[in-house]
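Scroll down for the structure; my scribbles are underneath it.
The values are calculated or read from the model by the stated rules, or taken from the named source; none is laboratory data. Computed from a prediction, not measured in an experiment: that's the story for all the values here. All Cβ positions, even for glycine, are placed from backbone atoms using ideal geometry, and neighbour counts span all protein chains on display.
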Amino acid sequence: MYWDLFVSFWKIGTFTIGGGYVMIPIMEREVVDRRKWLSHEEFLDNLSLSQAMPGVFAVNMATCIGHRLGGFRGVIAAIAGNILMPITIILFLAISFRLFRDNVFVEHVFMGLRPAVVALIATPVFRMAKQARITWSTLWIPVVSALLIWLFGVSPVWVILAAIVGGLLYGTYSAKHKGSVSSEGKGSVE
Amino acid sequence: MILLQLFWTFLKIGIFTFGGGYSMVALIQNEVVEKHQWMTSCEFTDILAISQMTPGPMGINTATYAGYTAVVNSGLPVWEGVVGSLLASLAVIILPVIVMMIVYGYLSHHRDNPVVDMMFRILRITVVGLIAAAALLLLSEESFGVPGLNKQFIVSVVLFAAVFSLSYFKRTNPILLIVVSGIVGGIIYSF
């Protein structure tokens, strides 16, 4: 069982390039369709929990599924499998890249891909803004957060803490004053 | 000493990451470039490029690579860099994993709590600002060249605009975009 967990998550970690969300369909095929460890609904439940909780999404998924199947040892097996290859590959590249860094051609290649990387960081800003369903009344939250971090050097840690405290306080307030606030109660932020 | 600092820093990064790899990148950037100045913004951008192109979760890849670079940049030998990278990767996952194991049973039954729900909603909105700040901080002379009518800046702006449009509107594969930009840079700047 532990070995199966390790192997499955090894595959998921090794053959998905480009971050956690690319892993979702591959993970689902592996743990739902092939291994039948979870039903599709359970998979979706774990997915939403892993997205909500802090940390790396793929590792959270590995924790959920490992925990369910094999308790603490299952968690270790799934996570170890998931991150083994990525860490090995990165270490290999990190060590060898230092040898080529001063090569003129390598520097030219990186001069080309740096603006591309920045653009790829800018893309999820707009995509996630849509998914988070930001309205005119909540637009100030990301804008003020970004300005505090960008211009005033405030640590994102404080911004996240403020969001947690603010969210809990506002949630308590609106629960008291408007009865129940459903997850679709978007109009409540006014 | 730097190893301890590194471990503590990445513990913080792990537990304050909400909403996926890009928000972790924002936190890592703030800690290792802005606050501790373990590396330049340019080095960090290079790390991001490699982390996006290699297998595995981007947050883990960036943490591993940044941990290594921070230690080696401070003049320590390669093997301590390896230790640093392993510490950073471990630190970044350990607290979230503990939290996950604690709440797993509980949250599956209390999902509909409106207060918790509101907290996560505000967090999702806030994270957008975090990533925006990271992108703004990366829009630097180091990555784009000095603004003006010079070759590097013009090429950089064109590449930025092209990659952004393709990835946002066409959802072109990011790895392909990075590889093509690298090839374009290699050709344009070498001749």
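Residues considered: A:PHE43, A:PHE100, A:PHE9, A:PHE72. Of these, the only one that is without any contact (Cβ under 8 Å) to a residue 12 or more places away in the chain, aromatic (Phe, Trp, Tyr) and farther than 22 Å from B:MET39 by Cβ is A:PHE72.
Among the residues of the range A:31-58, those identified as buried (at least 16 other Cβ atoms within 10 Å of the Cβ), part of a loop (DSSP other than H, G, I, E, B) and more than 8 Å from chain B (Cβ to nearest Cβ) are A:TRP37, A:LEU38.
The set of residues in the range B:52-72 being closer than 16 Å to A:VAL56 by Cβ, facing chain A (nearest Cβ under 7 Å) and buried (at least 24 other Cβ atoms within 10 Å of the Cβ) consists of B:GLN52, B:GLY56, B:PRO57, B:MET58, B:GLY59, B:ILE60, B:ASN61, B:THR64, B:TYR65.
To keep it simple, each residue is scored yes or no on (1) in the same structural domain as B:THR69 (by TED's automatic domain parsing); (2) in contact (Cβ under 8 Å) with a residue 60 or more places away in the chain; (3) surrounded by fewer than 16 Cβ atoms within 10 Å (Cβ to Cβ).
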position: B:ASN113; (1), (2), (3): yes, no, yes
position: B:VAL127; (1), (2), (3): yes, yes, no
position: B:ALA132; (1), (2), (3): yes, no, no
position: B:SER165; (1), (2), (3): no, no, yes
position: B:PHE169; (1), (2), (3): no, no, yes
position: B:LEU177; (1), (2), (3): no, no, no
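Return yes when B:LEU11 is free of Cβ contacts under 8 Å to residues at least 12 places away in the same chain and either in contact with a Leu (Cβ under 7 Å, 6 or more places away or on another chain) or surrounded by fewer than 17 Cβ atoms within 10 Å (Cβ to Cβ) (or both) and no when it is not. So B:LEU11 fails the test. No other residue among A:ILE76, A:ILE24, A:ILE65 is over 20 Å from B:GLY19 (Cβ atoms), among the β-branched types (Val, Ile, Thr), surrounded by fewer than 24 Cβ atoms within 10 Å (Cβ to Cβ) and not assigned by TED's automatic domain parsing to the domain that holds A:ILE160 apart from A:ILE76.
The condition of being surrounded by 14 or more Cβ atoms within 10 Å (Cβ to Cβ), facing chain B (nearest Cβ under 7 Å) and free of Cβ contacts under 8 Å to residues at least 60 places away in the same chain does not hold for A:PHE105. Residues that are more than 24 Å from A:ASN82 (Cβ to Cβ), in a helix (DSSP H, G or I) and more than 9 Å from chain A (Cβ to nearest Cβ) occur in the range B:80-101; there is at least one. In this entry, B:VAL99 passes the filter for residues that are touching a residue at least 24 places away in the same chain (Cβ under 8 Å), surrounded by fewer than 24 Cβ atoms within 10 Å (Cβ to Cβ) and within 29 Å of A:MET27 (Cβ to Cβ).
Here is a yes/no grid of residues against (1) in contact with a Ser or Thr (Cβ under 8 Å, 6 or more places away or on another chain); (2) under 26 Å from B:HIS36 (Cβ atoms):
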position	(1), (2)
A:ASN82	no, no
A:PRO86	yes, yes
A:GLU107	no, yes
A:ALA163	yes, yes
A:THR172	no, no
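Here B:HIS110 fulfils each of the conditions (1) modelled with pLDDT of 90 or more; (2) more than 16 Å from A:PRO54 (Cα to Cα) apart from (1).
Can you find a residue in the range B:140-150 that is assigned to a helix (DSSP H, G or I) and touching a residue at least 24 places away in the same chain (Cβ under 8 Å)? Within the range B:140-150, one or more residues are assigned to a helix (DSSP H, G or I) and touching a residue at least 24 places away in the same chain (Cβ under 8 Å). Of all residues being facing another protein chain (nearest Cβ under 7 Å) and not in a helix (DSSP H, G or I) in the range A:121-160, which is surrounded by the fewest Cβ atoms within 10 Å (Cβ to Cβ)? Just the residue, please. Restricting to residues being facing another protein chain (nearest Cβ under 7 Å) and not in a helix (DSSP H, G or I), the top hit is A:GLY153. Is it true that B:VAL33 is assigned to a helix (DSSP H, G or I) and more than 7 Å from chain A (Cβ to nearest Cβ)? So B:VAL33 fits the description; yes.
For the range B:157-178, a tally of residues being facing another protein chain (nearest Cβ under 8 Å) and at pLDDT below 95 returns 7. Comparison of B:GLY185, B:GLY148 shows that the only residue that is over 18 Å from the mean Cα position of the chain (by Cα) and within 7 Å of another protein chain (Cβ to nearest Cβ) is B:GLY185.
Which members of the range B:109-147 meet the condition of being closer than 14 Å to A:ILE164 by Cα and aromatic (Phe, Trp, Tyr)? Listed by number, the list holds a single entry, B:PHE120.
Looking only at residues of the range A:59-75 that are under 11 Å from the mean Cα position of the chain (by Cα) and at the interface with another protein chain (Cβ under 7 Å from one of its Cβ atoms), we find that the one that is farthest from B:LEU90 (Cα to Cα) is A:ASN60.
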